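Report on the structure given below.
The values are calculated or read from the model by the stated rules, or taken from the named source; none is laboratory data. Bear in mind the structure is a predicted one, so any value in this text is a computation, not a measurement. All Cβ positions, glycine included, derive from the backbone under ideal geometry; neighbour counts span all protein chains shown. SASA here: full protein model, heavy atoms, side chains in, ligands and nucleic acids out. Shrake-Rupley method; radii C 1.70, N 1.55, O 1.52, S 1.80 Å.
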Amino acid sequence: MSDKATLEYNGKKYEFPVIEGTENELAIDIKTLRSVTNGMITIDPGYKNTGSCESAITFLDGEKGILRYRGYSIEELAEKADFLEVAYLLIFGELPNKEQLAKFHDDIKEESHIDEEMKKILDAFPKSAHPMGVLTSLTSALIAFNPISVNVSSEEAMYHAIVRILAKFPVLVAWTLRKKKGLPLDYGDDSLGYVENFHKMMFKRPNKEYTKNEIVIEALDKLLILHADHEQNCSTSTVRIVGSSHAGLFASLSAGIAALWGPLHGGANQAVLEMLEAIEADGGDTKKYMAKAKDKEDPFRLMGFGHRVYKNFDPRARIIKKAADGVLGDLGIEDPILEIAKGLEKEALEDKYFVDRKLYPNVDFYSGIIYRALGIPTDMFTVMFAMGRLPGWIAQWREMRLRKEPIGRPRQVYIGENERPFVSVDLR
Ligand code: ACO
């Protein structure tokens, strides 16, 4: 196999190196394109064919439906690991041993307080505010309380910043929910596990002892693991590009959360449930909505279907579908929405439109059903996604800074007016 690719333009040939990743992915290295061709660039809206970086964190093969964090399959991690172990793995590259994990957790607990002044900011939001708006703003506000940008040449400073955000973020997420529900804020309990404590902070009632429900914590843990990283998606690329200007970790994360909110990305889990509820309210006629999804004149899309990268199946969707069945069964919940979801999935998988376009259920198609069973309000779903994605964003930010990547600054092909003289306002 050649390790060079040749570009021919206007009778001239240019050679570029071809690089190969550890999973045999090939890429044409066009770093010298502009200089050797005297200014030519490539154009690739939506970056469908563009690798923005080399990364050792997550491998996915969309054709084969493979997803691995640091070499470990998502199926194995979802079954055998807990979220904190996965966070450590993603960020630092290896699974922690017992001592490393205990220290990591202890260091996180040490940092889990939030400046009291932050409560005033939370108070100022209307109860009706979308939780993603509140979470983005609170994360931005944290920057003001932690203004020092991280000294990335110090492993210790970097570790400290990472631990700080892993400690504070679940508190912010929980407060976002408590504000919405009109519950007093809770600081959790350091004697609990990371995910259990997060759950307690969200749901503890002031007049009731918190008791752990194993099924709920296990399901939550699994959901967080499944969302923990997904290589260079929209929000992660945002985190990396913002961080590439040497903006701090918290600022980069806050931008990532904003990117995640969109309905074509993390906001899809909320959109899926709203869609399923609308279908149910409309009599449960899935065929009608299938037809709408296929009608090019109708903007309706089957939310939770299709993926930029997975063109076979989304391995996370398989795990979640099984978990949804299990959790609802274990909790004794019969949800008509789950039946509608299964019906839609069956129809879509047999429908030529969806088959031809390789549109399969994605991670969000079933996650909302589990969140709902866990008592999480629909407009909190994307916030839960952000909580899961936090270690991935951190890992990607850390990698980008350690690799000393240059500032992200794409080019463009200008298609506007050519130079023209200014016309004063009275002559226009
Ligand atoms: N329903 C109906 N048709 C669809 C859907 C859908 N959900 N998704 C794609 N298509 C069609 C498009 O209309 C297009 O058809 P055409 O070729 O006849 O024009 C074709 O499939 C390709 O679609 P694109 O939008 O070009 O595919 P792309 O890879 O750019 O988009 C995306 C992927 C954004 C996820 C898209 O499938 C979508 O909008 N899905 C619904 C939203 C969703 O579930 N998002 C969550 C993604 S997962 C995540 O972020 C965690």
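The table below gives the values:
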| read-out | value |
| --- | --- |
| Filter result for Pro206 (within 16 Å of the ligand (Cβ to nearest atom), surrounded by fewer than 17 Cβ atoms within 10 Å (Cβ to Cβ) and without any contact (Cβ under 8 Å) to a residue 60 or more places away in the chain) | no |
| Elements of type helices (runs of 4 or more DSSP H) in the range 214-298, at least 3 residues being within 16 Å of the ligand (Cβ to nearest atom) and among the polar types (S, T, N, Q) | 234-243 |
| Pairs, first within 24 Å of Ala56 (Cα to Cα) in the range 1-27, second at pLDDT below 95 and of a type in the set (Ser, Thr, Tyr), C-beta under 7 Å, six or more apart | Val18/Ser2 |
| Residue list for the range 41-60, restricted to those being open to solvent by less than 80 Å² (accessible area, probe 1.4 Å) and within 16 Å of the ligand (Cβ to nearest atom) | Asp44, Gly46, Thr50, Thr58, Leu60 |
| Residue that is of a type outside the set (Ser, Thr, Tyr), part of a loop (DSSP other than H, G, I, E, B) and more than 30 Å from Glu218 (Cβ to Cβ), where the choices are Lys31, Lys13 | Lys31 |
| The lone exception for Lys321 - which of (1) outside any loop (DSSP other than H, G, I, E, B); (2) under 21 Å from Met132 (Cβ atoms) it fails | (2) |
| Unique residue being touching a His at 6+ places or on another chain (Cβ under 8 Å), more than 23 Å from Glu218 (Cβ to Cβ) and either surrounded by fewer than 18 Cβ atoms within 10 Å (Cβ to Cβ) or among the β-branched types (Val, Ile, Thr) (or both) when the list is Ser149, Ser128 | Ser149 |
| Helices (runs of 4 or more DSSP H) within the range 344-428 that include 3 or more residues crowded, with 16+ Cβ neighbours inside 10 Å and charged (D, E, K, R) | 381-402 |
| Residue ID - surrounded by the fewest Cβ atoms within 10 Å (Cβ to Cβ), chosen from residues in the range 299-318 that are in a helix (DSSP H, G or I) and more than 10 Å from the ligand (Cβ to nearest atom) | Arg318 |
| Options Glu196, Glu218: the member that is more than 19 Å from Ile165 (Cβ to Cβ) and at pLDDT 95 or above | Glu196 |
| Selection count where residues are farther than 18 Å from Val309 by Cβ and part of a loop (DSSP other than H, G, I, E, B), scope the range 34-55 | 6 |
| So Gly332, is it open to solvent by less than 70 Å² (accessible area, probe 1.4 Å), part of a loop (DSSP other than H, G, I, E, B), away from the ligand (no atom under 13 Å from the Cβ) and without any contact (Cβ under 8 Å) to a residue 60 or more places away in the chain | yes |
